[in-house]
Amino acid sequence: MRASREQMQQEALGRAVGGQSLGNWPAIIAGFLVKGIAESDIRPRENVFTYQAWRALGRQVRRGEHGVRVVTFVPIDRDSVAATGSASAPADAPAEERPARASRPWTATVFHVSQTDAVPK
C-alpha cells in the first residue's frame, strides 16, 4: 500500500530534521553560494530541505527553481534485493537468522527557503 501524500511529506521532513550526517553540508553550502545565497543564510536542517519536506512545512518551491543535488544512503534488506523469496526473520531472532542490512545511494535535491513561497490555506 502506498503512503498518502501527507505521510510521505511528513516522513521526508522527519528524515531531513533528524539526520545525523554532516557529509552533504559542504556540497549544500557550495551549491547555494554559487546561486548567490550568503553563507550565513545557508543552514541545513533549518532552512534547506527537499521538495516534500517543504510541502510538509506548508511551503511550495517556486516553478523553475533549481536546487542542489545531494547523495544520501538509504537502508535496504539484502534479502529483498536478492529476491530470494524468503521472509525476513523477526527482530528477536538470533543474529545469524536475521537478514543482513545494507544501504544504497540515493540522490535528492534540496532547496533553500528563499526558493519557496508559503502555501495559502
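Can you tell me which residue among 120, 105 is more than 21 Å from the chain's Cα centre (by Cα) and at pLDDT 85 or above?
Testing whether each residue is more than 21 Å from the chain's Cα centre (by Cα) and at pLDDT 85 or above leaves just 120.
When you check residue 64 against the structure, is it surrounded by fewer than 18 Cβ atoms within 10 Å (Cβ to Cβ), modelled with pLDDT of 60 or more and small (Gly, Ala, Ser), yes or no?
Here the answer is yes, as residue 64 does meet what is asked.
Taking only the stretch 17-55 into account, find how many residues are of a type in the set (Gly, Ala, Ser), touching a helix residue (DSSP H, G or I) at 6+ places or on another chain (Cβ under 8 Å) and over 15 Å from residue 67 (Cα atoms).
Selection size over the stretch 17-55: 0.
Please verify whether the stretch 23-32 includes one or more residues that are assigned to a loop (DSSP other than H, G, I, E, B), of a type in the set (Val, Ile, Thr) and crowded, with 16+ Cβ neighbours inside 10 Å.
no
Being farther than 15 Å from residue 107 by Cα, exposed (fewer than 13 other Cβ atoms within 10 Å of the Cβ), without any contact (Cβ under 8 Å) to a residue 24 or more places away in the chain and not β-branched (Val, Ile, Thr): is that true of residue 36 here?
Considered against the rule, which asks whether it is farther than 15 Å from residue 107 by Cα, exposed (fewer than 13 other Cβ atoms within 10 Å of the Cβ), without any contact (Cβ under 8 Å) to a residue 24 or more places away in the chain and not β-branched (Val, Ile, Thr), residue 36 comes out as yes.
So is residue 70 within 23 Å of residue 25 (Cα to Cα), part of a strand (DSSP E or B) and either at pLDDT below 85 or over 20 Å from the mean Cα position of the chain (by Cα) (or both) or not?
no
Determine whether the stretch 87-94 contains at least one residue that is in a strand (DSSP E or B), of a type in the set (D, E, K, R) and modelled with pLDDT under 95.
No, there is no match, as no residue in the stretch 87-94 is in a strand (DSSP E or B), of a type in the set (D, E, K, R) and modelled with pLDDT under 95.
The values are calculated or read from the model by the stated rules, or taken from the named source; none is laboratory data. Just so we're clear, the structure is a prediction, and the values are computed from it rather than from any experiment. Glycine also receives a Cβ, built like all others from the backbone with ideal geometry; neighbour counts cover every protein chain displayed.
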